[in-house]
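**Q** Take this structure first; my questions come after.
The values are calculated or read from the model by the stated rules, or taken from the named source; none is laboratory data. Every value quoted in this text rests on a predicted model; they were computed, and no experiment measured them. Positions of Cβ are generated from backbone atoms using ideal geometry, with glycine treated the same way; all protein chains shown enter the neighbour counts.
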Amino acid sequence: HAHQLGFYTNLITSGIGLTEDKIAAFSEAGLDHIQISFQASDPVLSELLSGSRKAFEQKQQIARAVKKHRYPMVLNFVIHRFNIEQIDQMIELSLELGADYVELATCQFYGWAKLNQAALLPTSTQ
């Protein structure tokens, strides 16, 4: 309905729980854009941060499905102490997956992140 009213619509997602069928349905409904968030550029750190062995592969599969359905795609990486050294690899992953844009976001220290700020802030040498 929002699309019919002339609004630009955007889905920001981890990609977990999405399927290619859902992406196709969103396309038919008029969704304009999808952004997928990644925790890291490799499966090992992704598992450490997400707690899921499957998350990294699932996110890549969804990114490929997003491109298959011809959406403009943004990949988002929230930068913190554990992944700041991977920025080059994040860009490489974004290129491999055909991202139209890459967002390197600073960690917002609210809620859980505020409680864990000391562990998330990059070190002075980083």
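**Q** Please count how many residues of the range 42-51 are buried (at least 16 other Cβ atoms within 10 Å of the Cβ) and small (G, A, S).
**A** Matching residues across the range 42-51 total 2.
**Q** While we're looking at this one, here's another question. Can you pull out every residue in the range 1-20 that is outside any loop (DSSP other than H, G, I, E, B) and of a type in the set (S, T, N, Q)? Give the derivation first.
**A** So in the range 1-20, the residues outside any loop (DSSP other than H, G, I, E, B) come out as 10-13, 20.
Within the range 1-20, N10, T13 qualify.
**Q** Could I ask something else about it? Mind checking which residues of the range 70-126 are touching a residue at least 40 places away in the same chain (Cβ under 8 Å), more than 17 Å from the chain's Cα centre (by Cα) and either surrounded by 12 or more Cβ atoms within 10 Å (Cβ to Cβ) or in a helix (DSSP H, G or I) (or both)?
**A** The answer is R81, E85, L120, L121, P122.
**Q** Okay, next question. Anything in the range 97-111 that is out of contact with any Ser or Thr (no Cβ under 8 Å at 6 or more places or on another chain) and either closer than 15 Å to I79 by Cα or among the small types (G, A, S) (or both)? List them, or say none.
**A** The initial filter retains those residues of the range 97-111 that are out of contact with any Ser or Thr (no Cβ under 8 Å at 6 or more places or on another chain), namely 97-101, 103-111.
If the condition is that a residue be out of contact with any Ser or Thr (no Cβ under 8 Å at 6 or more places or on another chain) and either closer than 15 Å to I79 by Cα or among the small types (G, A, S) (or both), then G98, A99, E103, L104, A105, T106, C107, Q108, F109, Y110, G111 are the ones that fit.
**Q** While we're here: Condition test on K68, is it within 16 Å of T19 (Cα to Cα) and touching a Phe, Trp or Tyr at 6+ places or on another chain (Cβ under 6 Å)? Walk me through it before giving the result.
**A** Details: within 16 Å of T19 (Cα to Cα): yes; touching a Phe, Trp or Tyr at 6+ places or on another chain (Cβ under 6 Å): no.
No, not satisfied.
**Q** Only one residue in Q39, Q60, Q35 is buried (at least 19 other Cβ atoms within 10 Å of the Cβ), closer than 30 Å to H1 by Cα and out of contact with any Gly (no Cβ under 7 Å at 6 or more places or on another chain). Which one? Reasoning before the result, please.
**A** Working: Q39 fails: closer than 30 Å to H1 by Cα; Q60 fails: buried (at least 19 other Cβ atoms within 10 Å of the Cβ).
Criteria check complete, one pass: Q35.
Per-residue answers, yes or no, for (1) farther than 18 Å from A105 by Cα; (2) among the polar types (S, T, N, Q); (3) modelled with pLDDT under 95; (4) in contact with a helix residue (DSSP H, G or I) (Cβ under 6 Å, 6 or more places away or on another chain):
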| position | (1), (2), (3), (4) |
| --- | --- |
| T13 | no, yes, no, no |
| I36 | no, no, no, yes |
| R53 | yes, no, yes, yes |
| R64 | yes, no, no, no |
| K68 | yes, no, no, no |
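**Q** Determine if the range 47-69 includes at least one residue that is touching a His at 6+ places or on another chain (Cβ under 8 Å) and in a helix (DSSP H, G or I). Please lay out each step first, then the result.
**A** Taking the range 47-69 and keeping what is touching a His at 6+ places or on another chain (Cβ under 8 Å), we get none.
Scanning the range 47-69 turns up no residue that is touching a His at 6+ places or on another chain (Cβ under 8 Å) and in a helix (DSSP H, G or I).
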